[in-house]
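Novice: Handing you this structure, nothing more for now.
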Amino acid sequence: MDTSDQGAIDLRDILSLLRRKLRLILFTIGIGLGIAAIYITAVEPRYTASTLILVDPSNRNLLDSPDDTGQNSRRADAFIESEVEILRSNATALAVIEASNLLSDPEFGPSLSTKDKILQAIGIGAGEERSGQALVNATLGRLKEATSVRRQGLTYLIEVSVTSESAERAAELANTMAEVYIEEQVDSKVTASLDARDVLKAQLDRAQASLAQSESELATYIENNLDRLARESGSDEIEDLRNQLLQAQSNRENLEETLVAGRSALEGEDWNTLTESLESEALAALESERQQLARRLGQTEAGTQEAIDLRAELEELEDNLEQEGLAEIQQLRQDVSTTRQITEETRDSIRRQLLSSDLSAETLSEIYALQQEASIARDQYDTLLARMRGLETQSLVEVANSRVVSQALPPNGPSFPQTSLIIAMALIGSAGLGVGLAFLNEYYVGGITSEHQLASLIPATVAAVIPGVTAVSKQVSVADMTLDRPMSGFAESFRRLRASLDKRLPEREDGNVIMVTSAAPSEGKSTIALSLARTYAASGKRVLLIDADMRKPTLHKYLGAEPQTGLLNYLIGDEDAQTVEGFYVGDRISRLGVILGSRRSDVPTDQILQSERFTSLVSTTKDSFDIVLIDTPPLLPVVDARYVAPLVDCTVMCVRFDETSQTDLRRAFVQLEEALPENQPVLSVLNFHQSVDRGYRYGGYYGYASDS
């Protein structure tokens, strides 16, 4: 069989296919655009606003000195990605929910789902209330679905986008998220500083206690051994310092006693005791004047104007006493502090003098050890105190590592749906789908519509394409056109078919047998068989046409004959058809002989076609005719053609344009290949002519039927 050029792609065939299926493609595009238009009209428009945040990965604060060293790129990338995840976190979203009061927002707030509404409508779960956490989770889920956080390439910029039904709401939420994120960043740094300060404060308290103990131990050692140390050193200067220390300690004790007494008297408004304790002339003068006013007030009748005036003067004088007392006590505090400082300075002088004097090695080592302990405790205390004060100061001046470089503005148009994009996608998608459906319909689902398509479906040479024609008046069938109009395209197509057959028919002394069949009924095989037979007869060949479609014989109608008996009667041994002459007729317009069928068979005809009588009939006719054409039933409804196939030299398979199913054609060809001898040639014919029996399908080949 000729299978050449089956895989070639013909651009003209593709363009022709697209032209033929243009309505299907346009219909598909129309549906796609219609669906897109309905979707765009029905969907709620949504707006997206974006805020741009710049992140500084150096993580410095205002107290840090400028650092010119470059940042480690990996560390900086990790920092930026960490900030992106913080922005995406539930903590940031919850802060936005609280700041924007989204729990009561109609768009983002909790609402019943369609399922819950249906359940409530039918009375299931109508009384159930969701917990507060469930409501928060619902709002949280909606906000996170509407939020997008992404880093801008490899920059330090983070884009925060929020989508909402309102353009203003989208911009507000995007800016709120940026503000909340920056505030939380500052709060986090402040909290970290204060937590570190609290840790240091506990250490500082212990360092302070250690320092006080060290200083106390050194001072106690010197004071307890001062007389011995002075004698051991033999220095008059140490003796003088010792006397100064004793005097300073005595003065400090006196001043502290006076301070305690004065504060007690001032708090109890005991002006007389206050004056005596502080020994101030100003206080004494004020107290004397107060006592005089008090005596006059006691001698004045209560409620009089004089008594009122005296009471006011007395209160004013007591206020002056209090102010003067406070000033004296403040001065006394300063004197105590000065005396304490003198005491400490004197102790330090004694320590220095002792360490520089000629003391014994044992004494020097004891003093040095105590002094070093105090010095170490002091350094530790100073270091911790400086660091703690630094953290306190740092917590007051903490700034965020991020800042907003571009606030979100309400967008001018919706971000969803994108009308132009949806229309373009719908147009492209529906056009692609339409083309795909066109090819699917052309090559897999629909009928055969081109010679190239037919050649690609089955490995059989397309011998002819029969054009569509209409029988004119006085013509019994369209097959008459092969002789009535020999120069027509219809007649030429059969001469082309005859030429293809002649190339493939074997050369022998007896005649050649050609089977004409199809995959399904109403493919025009009987018309093609009659037209081909007349074409052979017109070329001078002795031709016999056998109507072997005993399931549905039709050739007698195309010839205008009404035989009483037919091939079926002859094969089953009917007494009225003992010889072929009863149903053998000559064609009215050509030198063609035809063995007709007369009625539809009421018995299985496949058994009849396997009979010796039919085989003998074919063999006998080959001796008398050059060409014997056998019109068989279609391959798929019945099995008759399979038993005729081994008797023929070539097969012509008829295919109706745009009618024959591609699946049916493949199945039929597989069955034909199984029935034919090996290397038996098969030609296909694409028939554009419309049969008068188009509606008569498979059902007509099954069951019993009466004579017709």
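What follows draws every value from the coordinates through simple rules; no lab data is involved. Treat the numbers as computed from the prediction; the structure is a model and nothing was measured. Cβ coordinates were reconstructed from backbone atoms using ideal geometry, including for glycine residues, and neighbour counts include every protein chain displayed.
Novice: Just to check, using Stokes-Einstein with a Kirkwood Rh over alpha carbon pairs, what's the diffusion coefficient of the stretch 325-415 at 37 °C and 0.692 mPa s in µm²/s?
Specialist: Numbers: Rh = 19.6 Å.
Answer from the Stokes-Einstein relation: 167 µm²/s.
Novice: Work out Dmax and Rg for the stretch 209-396 from the C-alpha atoms and quote the Rg first, both in angstrom.
Specialist: 25.6, 84
Novice: Another one. Say each of Gln607 and Gln341 gets a label point 7 Å from the Cα, pointing the same way as Cα to Cβ; how far apart are those two points in nm?
Specialist: Between Gln607 and Gln341, the simple spin-label model gives 14.0 nm.
Novice: Please report the relative contact order for the stretch 209-396, taking Cα pairs under 8 Å with a sequence separation of at least 6, and give it as a percent rounded to a whole number.
Specialist: Values: 116 pairs, mean separation 71.6, N = 188.
Relative CO of the stretch 209-396 lands at 38 percent.
Novice: Can you give me the long-range amide H partners of Ile630? Hydrogens built in the peptide plane at 1.01 Å from N, cutoff under 5 Å, separation of 5 or more residues or another chain.
Specialist: Hits under the 5 Å cutoff: Ile514, Met515, Val516, Ile546.
Novice: Starting from the amide H of Glu165, placed 1.01 Å from N in the peptide plane, find each other amide H under 5 Å away whose residue is 5 or more places distant or on another chain.
Specialist: Residues meeting the amide H criterion: Tyr47.
Novice: Using the Kirkwood formula on the Cα atoms of the stretch 469-538, what hydrodynamic radius do you get, in angstrom to one decimal?
Specialist: Values: mean 1/r = 0.0757 Å⁻¹.
Mean inverse Cα-Cα distance, inverted, gives 13.2 Å.
Novice: Here is a further query. Between the alpha-carbon centers of the stretch 10-55 and the stretch 165-199, tell me the distance in whole angstrom.
Specialist: 43
Novice: Still on this model: Around Ile448, which amide H atoms from residues at least 5 apart in sequence, or from another chain, sit under 5 Å from its own amide H, with H modelled in the peptide plane?
Specialist: Amide H to amide H, under 5 Å and 5 or more residues apart or across chains, Ile448 pairs with Asp658, Glu659, Thr660.
Novice: Starting at the first residue of the stretch 78-86, write each ³J(HN,Hα) from the Karplus equation 6.51 cos²θ - 1.76 cosθ + 1.60 with θ = phi - 60°, in whole Hz, x for Gly and Pro.
Specialist: Once rounded to whole Hz, the list reads 4, 5, 5, 5, 5, 5, 4, 5, 5.
Novice: Based on the alpha-carbon gyration tensor of the stretch 528-568 and its eigenvalue square roots a ≥ b ≥ c, which shape applies: rounded if a/c is under 1.5, prolate if not and a/b is larger than b/c, or oblate? Can you show the working numbers first?
Specialist: Details: a/c = 2.15, a/b = 2.04, b/c = 1.05.
Taking the square roots of the gyration eigenvalues as a ≥ b ≥ c, the stretch 528-568 is prolate.
Novice: If you don't mind, another one. Kindly write out, for the stretch 417-426 in residue order, the coupling ³J(HN,Hα) from the Karplus curve 6.51 cos²θ - 1.76 cosθ + 1.60 (θ = phi - 60°), rounded to whole Hz, with x marking Gly and Pro.
Specialist: Along the stretch 417-426, the couplings run x, 8, 4, 5, 5, 5, 4, 5, 5, 5 Hz.
Novice: Oh, and also: Express the relative contact order of the chain as a whole percentage, based on alpha carbon pairs under 8 Å and six or more residues apart in sequence.
Specialist: Details: 1013 pairs, mean separation 124.9, N = 708.
Value for the chain: 18 percent.
Novice: Just to be sure I understand: of the beta bridges DSSP finds with both ends in the chain, what percent are antiparallel, rounded to 5? List each step's numbers first, then the result.
Specialist: Numbers: 22 of 53 bridges.
About 40 percent, rounded to the nearest 5.
Novice: Show me, for the stretch 446-459, the HN-Hα J-couplings you get by feeding each phi into the Karplus relation (A = 6.51, B = -1.76, C = 1.60, θ = phi - 60°), rounded to Hz, glycine and proline as x.
Specialist: Karplus values, whole Hz, x for Gly and Pro: x, x, 7, 10, 8, 5, 5, 5, 4, 5, 7, 7, 10, x.
Novice: Order of 638-651, 180-193 by packing, highest average Cβ count within 10 Å first?
Specialist: Values: 638-651: 20.9, 180-193: 16.4.
Answer by packing, highest mean first, reads 638-651, 180-193.
Novice: Can I ask one more? Evaluate 2.2 N^0.38 Å with N set to the residue count of the stretch 389-529, then give the Cα radius of gyration divided by it. Walk me through the numbers on the way to the answer.
Specialist: On the way: Rg = 36.5 Å, N = 141, 2.2 N^0.38 = 14.4 Å.
Its radius of gyration relative to the 2.2 N^0.38 Å reference: 2.53.
Novice: Here's a follow-up. Order these peptides, 74-83, 360-369, 137-146, by their mean beta-carbon neighbour count within 10 angstrom, highest first. All intermediate terms of the calculation are to be shown ahead of the outcome.
Specialist: Working: 74-83: 14.5, 360-369: 12.8, 137-146: 17.2.
For the peptides 74-83, 360-369, 137-146, the packing ranking is 137-146, 74-83, 360-369.
Novice: What angle, in degrees between 0 and 90 and rounded to the nearest 10, separates the Cα long axis of helix 90-100 from the longest principal axis of the Cα atoms of the chain?
Specialist: On a 0 to 90 degree scale, this one is about 80.
Novice: Over its Cα atoms, what ratio of radius of gyration to 2.2 N^0.38 Å does the chain give?
Specialist: Values: Rg = 59.7 Å, N = 708, 2.2 N^0.38 = 26.6 Å.
Compared with the compact-globule rule of thumb, the chain sits at 2.24.
Novice: Also, I was wondering about something else. What is the distance in Å between the Cα centroid of the stretch 499-567 and that of the stretch 243-262?
Specialist: What the calculation gives is 148 Å, centre to centre.
Novice: Now, a different point. Measure of size requested: the Rg and Dmax of the stretch 275-352, with Cα atoms as the atom set and Å as the unit; please supply both.
Specialist: Radius of gyration, then largest Cα-Cα span, for the stretch 275-352: 20.2, 71 Å.
Novice: What's the ranking of 493-505, 298-310, 96-108 by average number of surrounding C-beta atoms within 10 Å, highest first? All intermediate terms of the calculation are to be shown ahead of the outcome.
Specialist: Details: 493-505: 18.3, 298-310: 11.4, 96-108: 16.3.
Ranking the peptides 493-505, 298-310, 96-108 by packing returns 493-505, 96-108, 298-310.
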